[in-house]
Amino acid sequence: MKNEHGHYFEESIEALASRLIQFEATSAERVNQSADYCCDWLRSHGLGVDVYVNQGLKSVVATVGEGESTLILNGHLDVVPGQPELFAPRTADGRLYGRGSYDMLGAVASMMVLMAELVKNPPDCKVILALVPDEETGGELGSGFLVRQGILGDLVICGEPTNFKIGVHAKGILQLKVDVKGKAAHGSRPWLGKNAILKAMEHYQSIVSMDVFQESTTYFKQPSINLAKIQAGKVYNQVPDFCSMGIDIRYLPGQNPDEIMDQIRALLPDAEIKVEFQGRPVETKSDDRFVRKLCEVATQLAGDQVILFGQDGSADTRFYAAKGVPAVEFGPVGANHHGPDEYVDIHSLYVYKDILKELTKNSKTKGE
């Protein structure tokens, strides 16, 4: 099929995913080019499409169907940077290789093809496809913006790479900058100074030893804490009088980030602590009726009993969860996302599309 400019549109899921990989969507310009292509593709297949521009980045929102229930399919077009050869997609042994194939352009292509099919066979609910530009860099300008515009539903599926598992929970994020002061002295007489690096390491160990980091839930063994950055020292022959640590904490659903921060500040009264970034956890109920239906359909079509799990990392589900909307991570089969051998199983892309399609049938209303 050609668009108005005479360019051919890809029709199969794997061909469409391959085309999206080739955009190398690692910059605002390239992400927007991908968004334009998706917009034209969806419109050429009869869908109503709105384009939202926020701080120069485009989000594409397509809608099909009517009903009291609304299913949102969320996919991000941006990918992490990589070597040029990673953006030359190739197929081998039933797999599509390329940067973003698994995270998550394969899922995006499945969602787009599904939307085109739903135009011809309308669903029993409203289905909204939201293609966003910046999940890999935080999501505030894409999904966060769309949520603030009121684009909400009864279930949100973010097509993140999960191998047909359903991520119902996700850890929250606390990223801290901890500044520690010491006392400078000549490096040959360290006993005359106070080494800020050593002091910072003591502080870090104190944080790690807090009881809150030993707690667990159904889906998580414990929170995680990562010493991500450290900046200190200028020369060998001087005791450093300042050390700055960057600490990445992923706390559990049910834990209170304000209480965690209060405990850390009480533990380190002589340190200057600043919250650089904060993201809420996701705690979608496993017995939510839409989640139950997704489990049933996925089990039926994927061939195995679907597993519910908790995601250690963060995704755009958190923006919807903050509004009380059930949101899950659920995507096709593959491996090595963000790595050099990233791939998605091509057959799973079609199974994934069929699962989502079945989910749109005979949807019950909110008053169930």
(request) Name every residue in segment 322-342 that is part of a loop (DSSP other than H, G, I, E, B) and either among the small types (Gly, Ala, Ser) or crowded, with 24+ Cβ neighbours inside 10 Å (or both), in order of residue number. (result) Ala322, Gly324, Phe330, Gly331, Pro332, Gly339, Glu342
(message) Suppose we filter Arg318, Arg292 for residues that are free of Cβ contacts under 8 Å to residues at least 24 places away in the same chain and either of a type outside the set (Gly, Ala, Ser) or surrounded by fewer than 22 Cβ atoms within 10 Å (Cβ to Cβ) (or both); which single one remains?
(response) Arg292
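Working carefully through the options Gly303, Gly279, find the one that is closer than 14 Å to Lys171 by Cβ and either free of Cβ contacts under 8 Å to residues at least 24 places away in the same chain or buried (at least 21 other Cβ atoms within 10 Å of the Cβ) (or both). Let's see the steps before the verdict.
Details: Gly303 fails: closer than 14 Å to Lys171 by Cβ.
One residue alone meets the criteria, Gly279.
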(request) Could you grab me the full set of residues in segment 248-276 that are loosely packed, with under 14 Cβ neighbours inside 10 Å, outside any loop (DSSP other than H, G, I, E, B) and of a type outside the set (A, V, I, L, M, F, W, C)? (result) Asp258, Glu259, Asp262, Arg265, Glu272, Lys274, Glu276
(request) Could you look through segment 147-161, keep only residues that are buried (at least 22 other Cβ atoms within 10 Å of the Cβ) and of a type in the set (Gly, Ala, Ser), and pick out the one that is nearest to Gly331 (Cα to Cα)? (result) Gly159
(request) Run down Thr91, Thr26 and say which single residue is within 20 Å of the chain's Cα centre (by Cα), among the β-branched types (Val, Ile, Thr) and surrounded by fewer than 21 Cβ atoms within 10 Å (Cβ to Cβ). (result) Thr26
(message) Tell me yes or no: at least one residue of segment 131-146 is modelled with pLDDT under 95 and either surrounded by fewer than 16 Cβ atoms within 10 Å (Cβ to Cβ) or in a strand (DSSP E or B) (or both).
(response) yes
(request) Out of the residues in segment 76-88 that are hydrophobic (A, V, I, L, M, F, W, C) and out of contact with any Cys (no Cβ under 8 Å at 6 or more places or on another chain), state the one that is surrounded by the fewest Cβ atoms within 10 Å (Cβ to Cβ). (result) Ala88
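From the list Val168, Val119, pick out the single residue that is crowded, with 24+ Cβ neighbours inside 10 Å, of a type in the set (Val, Ile, Thr) and touching a residue at least 12 places away in the same chain (Cβ under 8 Å). Steps first, please.
Values: Val119 fails: crowded, with 24+ Cβ neighbours inside 10 Å.
Result of the check over Val168, Val119: Val168.
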(message) I need the full set of residues from segment 312-332 which are within 19 Å of Leu105 (Cβ to Cβ) and of a type in the set (Phe, Trp, Tyr), in order please.
(response) Phe330
(request) For segment 343-354, enumerate the residues that are surrounded by 24 or more Cβ atoms within 10 Å (Cβ to Cβ) and of a type in the set (A, V, I, L, M, F, W, C). (result) Val344, Leu349
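The values are calculated or read from the model by the stated rules, or taken from the named source; none is laboratory data. Remember, it's a predicted structure, so these values are computed and weren't measured experimentally. Don't worry about glycine lacking a Cβ; one is built from the backbone with ideal geometry, like all the others, and counts go over all protein chains shown.
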